[in-house]
Amino acid sequence: MDKVLVTLVMSKRLTQAVEDLLLSCDLVSGFTTSSADGHGITVELIDTGEQVAGHAARTIIRMVGSESDMRGVLAIIKEQLPNANMFFWMTPLIDMGHL
């Protein structure tokens, strides 16, 4: 089956809950996290620091798997964290491996 890359973008306050969920999920063999700044009219600036800076701290989580497994992971996240308010996208992988 073809592999896909799923990218999740979430507020920093949600990171630990999502990491814990993914670590307990048999459909996920691993993932990578990184920090980012969220910009735009749909980004909520919660605290004073975010309002002054003009962007919100975000976490990006990326994971690879079969499309069916990754759709399963998204369904689990929706079920377990129904108010997560995170953004995601899924893209096909042309190639991957170790160098």
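We did not get these values from a lab; they are worked out from the coordinates using the rules stated. Here the structure is a predicted model, which is why all the values come from computation and not from measurement. Please note: Cβ atoms are built from the backbone with ideal geometry, for glycine as well, and neighbour counts cover all protein chains shown.
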How do Asp2, Asp20 line up, fewest other C-beta atoms within 10 Å first? Asp2, Asp20
Apply the Karplus curve 6.51 cos²θ - 1.76 cosθ + 1.60, θ = phi - 60°, to the phi angles in the range 83-90 and return the couplings in whole Hz, x for Gly and Pro. 10, 5, 6, 10, 9, 9, 8, 10
Charge context of Pro92, other residues only, Cβ under 15 angstrom, K/R +1, D/E -1: -1
Neighbourhood net charge (14 Å Cβ-Cβ; Lys/Arg +1, Asp/Glu -1) for Ala17: 0
Could you go through the range 5-13 in sequence order and give the Karplus-derived ³J(HN,Hα) for each residue, using 6.51 cos²θ - 1.76 cosθ + 1.60 with θ = phi - 60°, rounded to whole Hz, and x for Gly and Pro? 10, 9, 10, 10, 10, 9, 5, 4, 5
Cβ-Cβ cut-off under 10 Å around Phe31, Lys and Arg +1, Asp and Glu -1: the net charge is 0
